[in-house]
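Right, one structure below, let's go through it.
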Amino acid sequence: MTSENRETGGPRVRDDEAMDLDADACYRAVATRDARFDGRLFIAVKSTGVYCRPVCPARTPKRENLVFYPSAAAAQEAGYRPCLRCRPESAPDLGVWRGTSNTVSRAVALIEKGGLDGADVEALADRLGVGERQLRRLFQRHLGASPIAVAQTRRVLLAKHLIHDTRLPMGEVALAAGFGSVRRFNETFQQLFGRTPSTLRGGVAPVSAGPSGEVSIRLPYRPPYDWPAMLAFLRARAIRGVEVVSGDGYARTIAIGGAHGAVAVRPDAGHALRAIIQFPQLSALPAIVARLRRVFDLAADPEVIGAHLSEDPALAPLVAARPGLRVAGAWDGFELGVRALLGQQITVTAAIGYAGKLVAAYGKPLAGAIVADGLTHVFPDPERVAGADLSTLGLTRARAAALGSLARAVVADPEIFGPRRSLEEAIRTLKALDGVGEWTAQYIAMREMREPDAFPAADIGLMRAMADRKGRRPTPGALLARAERWRPWRAYAAQHLWASPG
């Protein structure tokens with residue numbers, strides 16, 4: 001593998017291999033403070049014991065004093081502590097392994113959802129269908145760190161983020177970042193930084209989150225980001241009472257573990273989104289942040305994806321027109337499954353109308369403060385839908401039966417929409433559900449399971465976008481064959497086709 005990008009002189013990441021960090025190439029990227037490598041690599045300074053982002057404003061250390069790592073977790077596992085100037089927790093959360101190891105990608109998704117909070121690496125490996133040793137080797141190859149180190153580093157960096165960017169008391173920071181106790185929180189920071197967490201903030205007076213649990217948090221991404229396209233996609237599918245798109249912001253109600261709240265998201269300065277989270281349980285903050293990252297596809301690397309898709313002449317002008325296009329994720333698997341079943345063979349507008357009726361009839365009213373006008377209900381939980389008479393909503397008998405069956409399946413297996421060993425296994429699992437065909441399964445895999453290669457080839461919009469000059473549309477089979485060259489980013493190709501003028 002060539003480890004140097006000829007255009008920039010920096011480390012190169014290819015879609016089909018692990019990241020190969022050529023030390024000299026990395027040093028050139030650091031010396032020029034090239035923002036394009038922010039999140040792709042981290043530099044550790046042997047003389048200070050600190051690890052930094054390549055854009056750190058501090059004077060560039062001598063080459064012999066530096067060690068380069070592919071992830072913050074790798075640097076931290078090696079014994080280095082985060083820099084207080086460039087703040088590694090503010091780097092884009094890039095999935096540089098996406099397209100190289102689906103197992104690692106799915107494992108990280110499970111870790112973000114708390115997959116190692118109450119289980120060990122062996123249990124995580126079992127869920128992914130691989131051996132524990134193999135999983136550890138894959139993490140070491142692609143991230144340079146163990147699964148445990150990745151989980152611990154994410155927890156520490158979230159806590160550091162909250163210390164610097166909020167005025168939450170330290171006890172609430174510890175809870176919100178997922179530490180089991182304040183004592184463990186203090187010990188971790190004392191070990192890493194040689195000081196207590198409160199000294200990192202300085203003399204700023206703390207302010208409790210209050211009964212609504214409101215927290216403001218910054219969510220960085222790698223530019224560019226086509227925010228107008230993301231908002232347009234969400235606006236067209238917004239369910240009345242559950243979601244609101246207004247101006248340049250998006251807001252929705254949320255439910256986790258029986259508690260209800262709301263989030264509002266809008267652009268922030270410096271290649272980031274700003275999320276206002278209102279939730280009564282601060283311990284749910286890591287799960288909420290992880291879901292927001294998936295909904296807004298913040299781990300995507302648009303340069304890598306765009307370069308690959310642009311190799312197809314049909315997609316090249318679409319990528320050039322929208323270089324920061326992302327694949328919108330879903331807040332909840334059951335909600336998306338309901339949306340997908342309602343949307344079969346009818347328009348998006350009609351499907352959202354039915355979803356609104358379902359919410360009004362069976363959704364729980366949102367109590368307490370809200371972050372945006374128009375948010376009134378939480379989407380119905382599967383237990384409520386499973387026992388409901390959905391024929392009163394004006395649905396066909398077959399569609400009502402399919403929704404009831406889906407709800408009962410989720411009640412029986414709450415992880416049915418969780419990461420699978422492969423895209424093929426995910427599609428087989430979903431197609432085993434009543435009323436779920438190939439299109440529906442691929443759509444759910446794309447938006448909820450975050451499978452970057454999912455592709456609903458039978459979608460009428462995709463076939464229309466790929467029509468020839470005479471207006472002749474390809475068959476689903478022909479479109480699927482054409483899409484082979486778009487692997488492993490077919491979901492992004494689909495998003496570009498949906499957003500195209502045609």
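A few points about this structure:
- If only the Cβ of Lys and Arg carry +1 and only the Cβ of Asp and Glu carry -1, the dipole of the chain around its Cα centre is close to 660 debye.
- 0 to 90° range, to nearest 10: angle between helix 397-412 axis and the chain longest Cα axis: 30
- FRET E, pair THR396, THR349, Förster distance 22 Å, beta-carbon r, rounded to 0.05: 0.80
- Gyration tensor (alpha-carbon) shape descriptor, region 23-86, a/c threshold 1.5: rounded
- Note on ALA307 and ALA31: their simple-model spin labels are 2.1 nm apart, each label 7 Å out from Cα toward Cβ.
- Relative to the longest principal axis of the Cα atoms of the chain, the long axis of helix 102-112 makes an angle of roughly 80 degrees.
- With pairing defined as another cysteine C-beta under 4.7 Å, the cysteines of the chain that fail it are CYS26.
- Remark: region 172-303 carries a charge dipole of roughly 200 debye about the Cα centre, counting +1 on each Lys and Arg Cβ and -1 on each Asp and Glu Cβ.
- Spin-label pair ARG59/GLN134, simplified geometry with 7 Å Cα→Cβ offset, distance in nm: 5.1
- Principal-axis tilt of helix 438-447 within the chain, Cα atoms, nearest 10 degrees: 30
- Extension gain, GLU438 back to ARG274 (0.36 nm per residue minus Cα-Cα distance, nm): 55.5 nm
- Rounded to 5, the percent of DSSP beta bridges in the chain classed as antiparallel: 90
- Ranked by the mean number of other Cβ atoms within 10 Å of their residues, highest first, the peptides 236-242, 179-185 fall in the order 236-242, 179-185.
- Under the convention that each Lys and Arg Cβ holds +1 and each Asp and Glu Cβ holds -1, the size of the dipole of region 102-201 around its Cα centre is about 260 debye.
- Prolate/oblate/rounded label for the chain (Cα gyration tensor, a/c 1.5): oblate
- Ascending count of other beta-carbon atoms within 10 Å, so fewest first, for SER422, SER391, SER71: SER391, SER422, SER71
- On full extension, the segment bounded by LEU200 and ARG85 gains 40.3 nm, given 0.36 nm per residue less the C-alpha separation.
Values quoted throughout were computed directly from the atomic coordinates according to the rules given, and no laboratory measurement underlies them. What you see is a predicted model, and the numbers here were worked out from it, not measured in a lab. Using ideal geometry, Cβ is built from the backbone for each residue, glycine included, and neighbour counts are taken over all protein chains shown.
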